[in-house]
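S.K.: One structure follows; several queries about it will come next.
The values are calculated or read from the model by the stated rules, or taken from the named source; none is laboratory data. A quick note: this is a predicted structure, and the numbers were derived from the prediction, not measured. All Cβ positions, glycine included, derive from the backbone under ideal geometry; neighbour counts span all protein chains shown. Ligands, DNA and RNA are stripped out before the accessible areas are found, and what is left, the full protein with its side chains, is counted by its heavy atoms. Shrake-Rupley method; radii C 1.70, N 1.55, O 1.52, S 1.80 Å.
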Amino acid sequence: MSWNTFGRVLRFTTWGESHGPALGAVVDGCPPGIELDERAIQPFLDARKPGQNRFTTQRKEPDQVRILSGTFDGRTTGTPISLMIENVDQRSKDYSEVAKAYRPGHADYAYDAKYGFRDYRGGGRSSARETAARVAAGAVARLIVPEVKITAYVSQIGDDTIDRSAMNFAEIGNNPFFCPDSWAAKRWEEKIDAARKAGSSLGAVVECVAEGVPAGLGAPIYAKLDADLAAAMMGINAVKGVEIGDGFGAAASSGEQNADPMRAGENGSPEFTANHAGGIAGGISTGQPVVCRVAFKPTSSILTPVDTITRPDENGNIENTEIMTKGRHDPCVGIRGVPVVEAMMALVLADHKMLHRAQLG
């Protein structure tokens, strides 16, 4: 399997499977001299790790990161930084039925069709478990863009959205949904409980805002900042849609409604009175907050029986059957997607900061 690496100047490669002995990332291109140890990475992994409440999978993984290379005396050396996270709570026997038949909505069939072979234990590389490595790499990237504040939160679960007039970022850490609307979080408790008890799952939308991004990051045509952001977010397992700024809403507005009016500000810098573009115009950052929304599909591993087919036998024969996935799965995988979206935002911004320096000095 190729294409496990993302980025141009700052590149990261993730490795490992859901039920293997460990997984991790190699971050290449990080500048030397940056202070880095496990304590700079662990808080972000703690935010993503499973088993913290009844609204996520009950798989118990400490997600303790180890730095294996790329640092000396607590600072980066400029060489590849290898990060490892051990898997300690695998239950591969839960996937005995998945070995025989495909989960509709999951990558089971697509992997088999491409490679003729797949790791059915938790989905292997197609598992949401892979995102732990991205979060670790993203923690390194944050150190390259310390001037940027990145905040992600869940803005919708199922068809229930937050009230934007009631948003308070201080509430994000006060509930298990990373939700800035305390009333929505209360509603979501009942919604997730009902889906879990019914053996089903729900989708979610994660919104991410990066403040302090300077104007000028990105390049026209083939290195657009928004194109790389979209690719990074779509590369997250279970993501099915990405919007930058108003996104699809822009298609329903007029030119004057969609414009971001500008006025002369202090020190010769412009002031914007709107941000429909999400902080990016022509593929280049404008200095406004960079805003994107990421849609996560409902978890495909559910206890409700779904029509499917068996894996072909040695003669190529398949049969119609039903499948229900036992084991420990997120009733809404988008909840734990919040730290992952933040990590991918950090990785893209750090890469573009270094690209900008390479081109313009």
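S.K.: What is the number of the single condition among (1) over 22 Å from the mean Cα position of the chain (by Cα); (2) small (Gly, Ala, Ser); (3) farther than 19 Å from residue 325 by Cα that residue 101 does not meet?
M.R.: So the condition that residue 101 fails would be (3).
S.K.: Right, here's the next one. Which number in (1) in contact with a strand residue (DSSP E or B) (Cβ under 9 Å, 6 or more places away or on another chain); (2) surrounded by 14 or more Cβ atoms within 10 Å (Cβ to Cβ) marks the one condition that residue 307 misses?
M.R.: (2)
S.K.: Same structure, new question: With the structure loaded, tell me whether residue 311 is over 22 Å from residue 131 (Cα atoms), of a type outside the set (Ser, Thr, Tyr) and in contact with a Lys or Arg (Cβ under 7 Å, 6 or more places away or on another chain) or whether it fails that test. Show your work before the answer.
M.R.: Values: over 22 Å from residue 131 (Cα atoms): yes; of a type outside the set (Ser, Thr, Tyr): yes; in contact with a Lys or Arg (Cβ under 7 Å, 6 or more places away or on another chain): yes.
When the stated conditions are applied, residue 311 passes them.
S.K.: Can you pull out the residues in the stretch 132-157 that are open to solvent by less than 30 Å² (accessible area, probe 1.4 Å) and either free of Cβ contacts under 8 Å to residues at least 12 places away in the same chain or not β-branched (Val, Ile, Thr) (or both)? Please lay out each step first, then the result.
M.R.: Initially, the stretch 132-157 is screened for residues open to solvent by less than 30 Å² (accessible area, probe 1.4 Å), giving 132-141, 144-145, 148, 150-155, 157.
Matches in the stretch 132-157: 132, 133, 134, 136, 137, 138, 139, 141, 152, 153, 155.
S.K.: Find all pairs meeting these conditions: Cβ atoms under 9 angstrom apart; at least six residues apart or on different chains; first residue within the stretch 251-277 and closer than 18 Å to residue 289 by Cβ; second residue of a type in the set (A, V, I, L, M, F, W, C) and assigned to a helix (DSSP H, G or I).
M.R.: Pairs that qualify, where the first residue is closer than 18 Å to residue 289 by Cβ and the partner is of a type in the set (A, V, I, L, M, F, W, C) and assigned to a helix (DSSP H, G or I), are 258/250; 276/250; 277/250.
S.K.: Could I ask something else about it? Is one or more of the residues making up the stretch 134-142 in contact with a Gly (Cβ under 8 Å, 6 or more places away or on another chain) and in a loop (DSSP other than H, G, I, E, B)?
M.R.: First pass over the stretch 134-142, keeping only residues in contact with a Gly (Cβ under 8 Å, 6 or more places away or on another chain): 136.
Going one step further and asking which of them are in a loop (DSSP other than H, G, I, E, B), we end up with none.
Checking the stretch 134-142: not a single residue is in contact with a Gly (Cβ under 8 Å, 6 or more places away or on another chain) and in a loop (DSSP other than H, G, I, E, B).
S.K.: Taking only the stretch 85-106 into account, find how many residues are open to solvent by less than 60 Å² (accessible area, probe 1.4 Å), modelled with pLDDT of 85 or more, of a type outside the set (A, V, I, L, M, F, W, C) and outside any loop (DSSP other than H, G, I, E, B).
M.R.: Within the stretch 85-106, residues that are open to solvent by less than 60 Å² (accessible area, probe 1.4 Å), modelled with pLDDT of 85 or more, of a type outside the set (A, V, I, L, M, F, W, C) and outside any loop (DSSP other than H, G, I, E, B) number 0.
S.K.: Of the conditions (1) touching a residue at least 60 places away in the same chain (Cβ under 8 Å); (2) surrounded by fewer than 18 Cβ atoms within 10 Å (Cβ to Cβ), residue 302 satisfies every one except a single condition; which number is it?
M.R.: Condition (2) is where residue 302 drops out.
S.K.: For the stretch 154-189, what are the residues that are of a type in the set (A, V, I, L, M), touching a Pro at 6+ places or on another chain (Cβ under 7 Å) and either closer than 18 Å to residue 345 by Cβ or assigned to a strand (DSSP E or B) (or both)? Spell out the reasoning first.
M.R.: Applying the first criterion (of a type in the set (A, V, I, L, M)) to the stretch 154-189 yields 154, 157, 162, 166-167, 170, 172, 184-185.
With the extra rule that they be touching a Pro at 6+ places or on another chain (Cβ under 7 Å), the set shrinks to 162, 167, 172.
If the condition is that a residue be of a type in the set (A, V, I, L, M), touching a Pro at 6+ places or on another chain (Cβ under 7 Å) and either closer than 18 Å to residue 345 by Cβ or assigned to a strand (DSSP E or B) (or both), then 172 is the only one that fits.
S.K.: Let me ask you something else. Restricting attention to the stretch 323-338, and to residues there that are in a loop (DSSP other than H, G, I, E, B), within 17 Å of residue 160 (Cβ to Cβ) and β-branched (Val, Ile, Thr), which single residue is modelled with the lowest pLDDT? Outline the logic, then answer.
M.R.: At the first step, the residues of the stretch 323-338 found to be in a loop (DSSP other than H, G, I, E, B) are 324-336.
Subsequent filtering for residues that are within 17 Å of residue 160 (Cβ to Cβ) retains 331-335.
Filter once more, so that each one left must be β-branched (Val, Ile, Thr): 333, 335.
Working: 333: 90, 335: 93.
Among those that are in a loop (DSSP other than H, G, I, E, B), within 17 Å of residue 160 (Cβ to Cβ) and β-branched (Val, Ile, Thr), it is 333.
S.K.: Shifting gears a bit: Just to be sure I understand, how many residues within the stretch 107-131 are out of contact with any helix residue (DSSP H, G or I) (no Cβ under 6 Å at 6 or more places or on another chain), buried (at least 20 other Cβ atoms within 10 Å of the Cβ) and part of a loop (DSSP other than H, G, I, E, B)? Steps first, answer last, please.
M.R.: Kept after step one, since they are out of contact with any helix residue (DSSP H, G or I) (no Cβ under 6 Å at 6 or more places or on another chain), are these residues of the stretch 107-131: 108-117, 119, 122-130.
From the residues that got through so far, the ones that are buried (at least 20 other Cβ atoms within 10 Å of the Cβ) too are 108, 111, 122-130.
Right, trim to part of a loop (DSSP other than H, G, I, E, B) and you get 122-123, 127.
The total comes to 3.
S.K.: Within the stretch 263-299, restricting attention to residues that are among the charged types (D, E, K, R) and surrounded by fewer than 15 Cβ atoms within 10 Å (Cβ to Cβ), which residue is nearest to residue 106 (Cα to Cα)? It would help to see each step written out before you state the result.
M.R.: To start, the set of residues in the stretch 263-299 that are among the charged types (D, E, K, R) comprises 263, 266, 271, 293, 297.
From the residues that got through so far, the ones that are surrounded by fewer than 15 Cβ atoms within 10 Å (Cβ to Cβ) too are 263, 266, 271.
Details: 263: 49, 266: 52, 271: 45 Å.
Looking at the filtered set, the residue picked out is 271.
S.K.: Mind checking which residues of the stretch 177-204 are open to solvent by less than 60 Å² (accessible area, probe 1.4 Å) and more than 28 Å from residue 104 (Cα to Cα)?
M.R.: 178, 179, 180, 181, 182, 184, 185
S.K.: Tell me whether the stretch 143-153 contains one or more residues that are part of a helix (DSSP H, G or I) and in contact with a helix residue (DSSP H, G or I) (Cβ under 6 Å, 6 or more places away or on another chain). Walk me through it before giving the result.
M.R.: Looking only at the stretch 143-153, we keep the residues that are part of a helix (DSSP H, G or I), and these are 143-144.
Narrowing the set further to residues that are in contact with a helix residue (DSSP H, G or I) (Cβ under 6 Å, 6 or more places away or on another chain) leaves 144.
Yes.
S.K.: Got a sec? Which of 141, 137 is at pLDDT 90 or above, within 27 Å of residue 350 (Cβ to Cβ) and in contact with a Phe, Trp or Tyr (Cβ under 6 Å, 6 or more places away or on another chain)?
M.R.: Numbers: 141 fails: in contact with a Phe, Trp or Tyr (Cβ under 6 Å, 6 or more places away or on another chain).
Residue meeting the stated conditions: 137.
S.K.: Can you tell me which residue in the stretch 221-243 is surrounded by the most Cβ atoms within 10 Å (Cβ to Cβ), limited to those that are charged (D, E, K, R) and not in a loop (DSSP other than H, G, I, E, B)?
M.R.: Looking only at the stretch 221-243, we keep the residues that are charged (D, E, K, R), and these are 224, 226, 228, 240, 243.
The next check asks that each one be not in a loop (DSSP other than H, G, I, E, B); those that pass are 226, 228, 240, 243.
Numbers: 226: 23, 228: 25, 240: 11, 243: 19.
Here the residue is 228.
S.K.: Kindly list, by first and then second residue, each pair from a residue in the stretch 187-201 that is farther than 10 Å from residue 331 by Cα to a residue that is open to solvent by less than 20 Å² (accessible area, probe 1.4 Å) and modelled with pLDDT under 95, limited to pairs with Cβ atoms under 7 Å and residues at least 6 apart or on different chains.
M.R.: Pairs that qualify, where the first residue is farther than 10 Å from residue 331 by Cα and the partner is open to solvent by less than 20 Å² (accessible area, probe 1.4 Å) and modelled with pLDDT under 95, are 188/177.
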